[in-house]
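Novice: Quick one: the structure is below, questions incoming.
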Amino acid sequence: MKLLCDLSPEQLAELLKEYGQPAFRAKQIFSHISSGRELDEMSNVPKDLTNRLKEDGWRALGLKIEKSFKSATDGTVKYLYTLSDGNIIEGVLMRYKYGNTLCVSTQVGCAMGCKFCASTLGGLVRDLTAGEILSQVIVVNALNADGGKRGVTNVVLMGSGEPLDNYGNVTKFLDLLSLEEGLNISKRNVSLSTCGLCEKMRKLADEGYTPVLTVSLHAPFDGLRKKIMPVASRYTVAEVIAAAKYYFEKTGRRIIFEYSMIDGENDTEECAKELSRLLKGFSCHVNIIRLNYVKERGLKGSSETAIDKFRKILDNNGVSSSVRRSMGSDIEGACGQLRRKYINDKK
Ligand code: SAH
């Protein structure tokens, strides 16, 4: 698989030099790619050049939109994309007053094995390349652009896959995403969600990357966390919080802890008290989301009453929290569910 979208502007210029092309041609082609055009659609580029690139196995983009599903209630759109090797991945565009946020996948499947998550049910199939992650933003941005307005203003690496388990491709993607000559999406508008791979969280900060870091904690006790997240056998809750603090100190960006509320598991008073004890005094925010029911998993979301009680305890301890609206639940909004349903229905 040879994807032009995997290349930085410098790498693209190098490649095109081998085809006897001047520097301005690389700029032209880079701009076409960022606008979502395939080689055949680059009107001001000589046909014999695009044909030669194609003959040599090059493609501009890493995927195409296979299907989209629009929520009838809140305008959320779910996308299924087909990669050039036929694998399917998914993403979701959420519309807010301040702009459009695209949730991107970083892997086909996932190796982390969280007990409540649909993305990991078939294990990890493969990593996505930087260009394949970028292509998700490119095609959805192009499709939703409205006059001079961008189709995508914010990006969250919160779809299928563990971004920090695909570190090299993900950081290259972050570099490409913010390029002025490319999509030019501000580094301030990017969030990365991790199940808590501590060395990689520190490495990200050490290497100068500054996305908002969202840490999927989901439990304040090691025993309980191990029960729902196998990764907890590698890192204790204390180690995850220490790595989060390190990230905050290095980058100055406030950490968000994700807490998906599972009925009868992590929604008890005891959990709320322990979570408060752990986070008290740390400038962070807890994002509570009611677990989205995944039928293969048999775990249910908590009741409104349990969520309210939990939040009160955090509140009383000065730990900031909010309950995230569940968007697009009528279109299989939760991670990995849509891809799974699509693949199963085709069988
Ligand atoms: N691997 C990364 C990013 C992908 S998952 C991570 O673990 O953070 C994005 C978020 O959705 C994580 O917080 C994950 O725990 C959560 N999640 C997965 N399945 C869910 C479900 N069924 N209901 C609610 N949240 C879920």
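Only the coordinates and a few stated rules stand behind these numbers; no lab work does. Just so it is clear, the model here is predicted, and its values are computed rather than measured. Cβ placement follows ideal geometry from the backbone for every residue including glycine, while neighbour counts extend to all protein chains displayed.
Novice: Of the GluC sites (Glu not before Pro) in the range 255-314, which ones lie in a loop per DSSP and count no more than 12 other C-beta atoms within 10 Å?
Specialist: Glu296
Novice: Can I ask one more? Before anything else, pin down the relative contact order of the range 90-220: Cα pairs under 8 Å, at least 6 apart, normalised by residue count, whole percent.
Specialist: In percent, rounded to a whole number, it is 23.
Novice: Compare Gly109, Gly264, Gly86 in a GNM of the chain, Cα atoms joined below 10 Å, and give the one with the largest fluctuation.
Specialist: Maximum fluctuation in the GNM of the chain, among the listed residues, is at Gly86.
Novice: Right, here's the next one. Please report, to one decimal in angstroms, the Kirkwood hydrodynamic radius of the chain built from all distinct Cα-Cα pairs.
Specialist: Here the Kirkwood hydrodynamic radius works out to 21.1 Å.
Novice: For the chain, modelled as a Gaussian network with Cα springs under 10 Å, which listed residue fluctuates most, Val125, Val237, Val77?
Specialist: Val125
Novice: If you take every DSSP beta bridge whose two residues both sit in the range 87-194, what share of them, in percent to the nearest 5, is antiparallel?
Specialist: Expressed as a percentage, antiparallel bridges in the range 87-194 total about 60.
Novice: Tell me what the chain gives for mean residue ellipticity at 222 nm when only DSSP H runs of n ≥ 4 count, each as -39,500 (n - 2.57), the sum divided by the residue total, rounded to 500 deg cm²/dmol.
Specialist: About -10500 deg cm²/dmol.
Novice: Using r as the Cβ-Cβ distance of Lys97 and Ser186, and R0 as 30 Å, what FRET efficiency do you calculate, to the nearest 0.05?
Specialist: Here the calculated transfer efficiency is 0.95.
Novice: Would you work out the charge dipole size for the chain about its Cα centre, treating the Cβ of every Lys and Arg as +1 and the Cβ of every Asp and Glu as -1, and quote it to the nearest 20 debye?
Specialist: 600
Novice: The range 60-117: which chymotrypsin sites (Phe, Trp or Tyr not before Pro) are DSSP loop and have at most 13 other beta-carbon atoms within 10 angstrom?
Specialist: Here the sparse-neighbourhood loop sites are Tyr98.
Novice: If you stretched the chain out fully between Phe24 and Thr268, how much longer would it get, using 0.36 nm times the residue separation minus the C-alpha to C-alpha distance?
Specialist: Stretched out fully, the Phe24 to Thr268 stretch lengthens by 81.7 nm.
Novice: Multiply the residue separation of Ser68 and Asp315 by 0.36 nm, subtract the distance between their alpha-carbon atoms, and state the gained length in nm to one decimal.
Specialist: 85.0 nm
Novice: Under the rule a/c < 1.5 gives rounded, and otherwise a/b versus b/c splits prolate from oblate, where does the range 67-107 land using the Cα gyration tensor?
Specialist: Oblate is the answer for the range 67-107, as a/c is 1.5 or above yet b/c matches or exceeds a/b.
Novice: DSSP loop chymotrypsin sites (Phe, Trp or Tyr not before Pro) in the range 259-327 with at most 16 other Cβ atoms within 10 Å of their Cβ, which ones?
Specialist: Hits after loop and neighbour filter: Phe282, Tyr293.
Novice: What number, in percent, do you get for the relative contact order of the chain if the mean sequence gap of Cα pairs under 8 Å and at least 6 apart is divided by its residue count?
Specialist: Worked out over the chain, it gives 15 percent.
Novice: Something else: Looking at the chain only, what percent of DSSP beta bridges run antiparallel? Nearest 5 please.
Specialist: 50
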